[in-house]
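Chemist: Provided herewith is a single structure, encoded as C-alpha cells, for subsequent inquiry.
The values are calculated or read from the model by the stated rules, or taken from the named source; none is laboratory data. Please read these numbers as outputs of a predicted model, since none were measured by experiment. Virtual Cβ from ideal backbone geometry, glycine too; neighbours counted across all protein chains shown.
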Amino acid sequence: MQPAETYHDKGYYISDPLFSASELAEVSSLLDHLVARAADCEEMAKDCVFERDQPASKRGGVAIEPDSKAVFIVGDVPRFCPQLIPFLTDLKLVDLVASFLGTSDIVMHFANLTMKSAKIGSGINWHRDFLNKFICPVAPSMVRTMICVDGMSPDTGATRFLSGSHNEPGQAASDVEPMDDRIEVAACSAGAVAAIHPLVLHCGPPNFSPLPRRNIVIQWGRTDVPLATDFKESVTGKTIECLRAEVNRINY
Ligand SMILES: O=C(O)CCC(=O)C(=O)O
C-alpha cells in the first residue's frame, strides 16, 4: 500500500526512518539546547507547557517537584530554534504531507516539541485534532506529522490510534474501551514520521521509562483552506519556500 492509502484507510501512517543518524544527532542536540533554555527564558516559557503544571493523574499519580523544569510542550519551535526549519521542511516529509492532503500547495500551521520526559512524561487522553481551538482550518483538511526523534515504544509512551475511527464520527473519545481490538500502538524507530488524520482518535500513555520521548509535531494545511482560528505561531500560513528563504536569510 502507498503511504496515502494507509493513511486514509487507518487514519494514521508510520514511515520508516526518514532522517539519517547524523541528521538525528543534529536535531537531538538542537532540542537539548532548546529544552535547556525553556525554563529560564521568560519569552520561551510563555510558549511552553511544563510537567509541573500538568495534573498528576496524567502520569499515573506520580508527583513531581513544584520547581521541576521538565517541559511537556515547547510551542513555536521554529521561532526559538530556526536551525530546525531545514528538518521540518525536509523534502521527504513534505512529499508525504502533499500525498496525504492531495496537493503540493501546502502551508505550515504550527510546530511544537511534544516531549514525554523520562520517568515523568505525561500521557495524553483520547482526542481528535479537528476541531481544535489553537490553530485550526475551517474544514478537516489538515494533517499533523510527528518527527519521532527518539522513536517510540510502548514503554516510552508511544502514541496509540483507534484505527479507522476517522470514519466513525459517532465514536466518542470518552467511550473508547481500553481493550478495543482496533487500538494500534505506533511503535517506530528513531527518525520515523507519524502522520495523524485530523479525525482519527488517538492518545498516549505516560512515559515511566528512563528514556525521553521527543516528537516534533507539525500541523500542515492546504493553501486554499483558510483558518477558523485567530491564534498564530511564527510559521502559521507560510509555504515551504517562504520558510526556507527565511532560513537562508538568517544564514547569509
Ligand atoms: O505526542 C504524541 O504522542 C501525540 C501528540 C498529539 O496527540 C497531538 O499533537 O495531537
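Chemist: Between S209, S234, which is more than 28 Å from S57 (Cα to Cα) and either hydroxyl-bearing (S, T, Y) or out of contact with any Pro (no Cβ under 6 Å at 6 or more places or on another chain) (or both)?
Modeler: The match here is S234.
Chemist: Now a separate question. Which one is nearest to the ligand (Cβ to nearest atom), of the residues in the stretch 152-169 that are of a type outside the set (A, V, I, L, M) and assigned to a loop (DSSP other than H, G, I, E, B)?
Modeler: Top of the filtered list is T159.
Residue-by-condition table, conditions (1) of a type in the set (A, V, I, L, M, F, W, C); (2) in a loop (DSSP other than H, G, I, E, B); (3) in contact (Cβ under 8 Å) with a residue 40 or more places away in the chain:
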residue: V94; (1), (2), (3): yes, no, yes
residue: A98; (1), (2), (3): yes, no, no
residue: W126; (1), (2), (3): yes, no, yes
residue: F130; (1), (2), (3): yes, yes, yes
residue: F134; (1), (2), (3): yes, yes, yes
residue: A139; (1), (2), (3): yes, yes, yes
residue: V143; (1), (2), (3): yes, no, yes
residue: I147; (1), (2), (3): yes, no, yes
residue: D150; (1), (2), (3): no, yes, yes
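Chemist: Could you tell me which of the residues T103, T89, T6 is over 16 Å from the mean Cα position of the chain (by Cα) and within 25 Å of A190 (Cβ to Cβ)?
Modeler: Criteria check complete, one pass: T6.
Table: residues versus (1) closer than 27 Å to P178 by Cα; (2) touching a helix residue (DSSP H, G or I) at 6+ places or on another chain (Cβ under 7 Å); (3) modelled with pLDDT under 95.
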{"residue": "A194", "(1), (2), (3)": "yes, no, no"}
{"residue": "L199", "(1), (2), (3)": "yes, yes, no"}
{"residue": "C203", "(1), (2), (3)": "yes, no, no"}
{"residue": "N207", "(1), (2), (3)": "yes, yes, no"}
{"residue": "D224", "(1), (2), (3)": "no, no, no"}
{"residue": "A228", "(1), (2), (3)": "no, no, no"}
{"residue": "S234", "(1), (2), (3)": "no, yes, no"}
{"residue": "I240", "(1), (2), (3)": "no, yes, no"}
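Chemist: For the stretch 174-199, how many residues meet the condition of being within 13 Å of the ligand (Cβ to nearest atom) and either in a loop (DSSP other than H, G, I, E, B) or over 19 Å from the mean Cα position of the chain (by Cα) (or both)?
Modeler: 5
Chemist: A further question on this structure: Is it the case that I106 is more than 13 Å from the ligand (Cβ to nearest atom) and either out of contact with any Ser or Thr (no Cβ under 8 Å at 6 or more places or on another chain) or among the β-branched types (V, I, T) (or both)?
Modeler: The answer is yes for I106.
Chemist: Which residues, taken from the stretch 65-84, are in a helix (DSSP H, G or I) and crowded, with 20+ Cβ neighbours inside 10 Å? Write out each step before concluding.
Modeler: Narrowing the stretch 65-84 to residues in a helix (DSSP H, G or I): 77-80, 82-84.
If the condition is that a residue be in a helix (DSSP H, G or I) and crowded, with 20+ Cβ neighbours inside 10 Å, then V77, P78, F80, L84 are the ones that fit.
Chemist: Right, next: Among the residues of the stretch 200-229, which ones are of a type in the set (K, R) and within 14 Å of the ligand (Cβ to nearest atom)?
Modeler: R213, R214
Chemist: Another question, then. Hey, could you check the stretch 109-135 for residues that are away from the ligand (no atom under 12 Å from the Cβ) and surrounded by 20 or more Cβ atoms within 10 Å (Cβ to Cβ) and say which is farthest from the chain's Cα centre (by Cα)?
Modeler: Selected residue: I120.
Chemist: Now, a different point. Considering only the stretch 27-46, how many residues are free of Cβ contacts under 8 Å to residues at least 60 places away in the same chain and either within 20 Å of the chain's Cα centre (by Cα) or assigned to a helix (DSSP H, G or I) (or both)?
Modeler: 12
Chemist: Considering only residues that are in contact with a Ser or Thr (Cβ under 9 Å, 6 or more places away or on another chain) and among the aromatic types (F, W, Y), which ones fall in the stretch 213-252?
Modeler: Matches in the stretch 213-252: W220 only.
Chemist: Kindly establish whether E246 is closer than 25 Å to S104 by Cβ, part of a helix (DSSP H, G or I) and charged (D, E, K, R).
Modeler: yes
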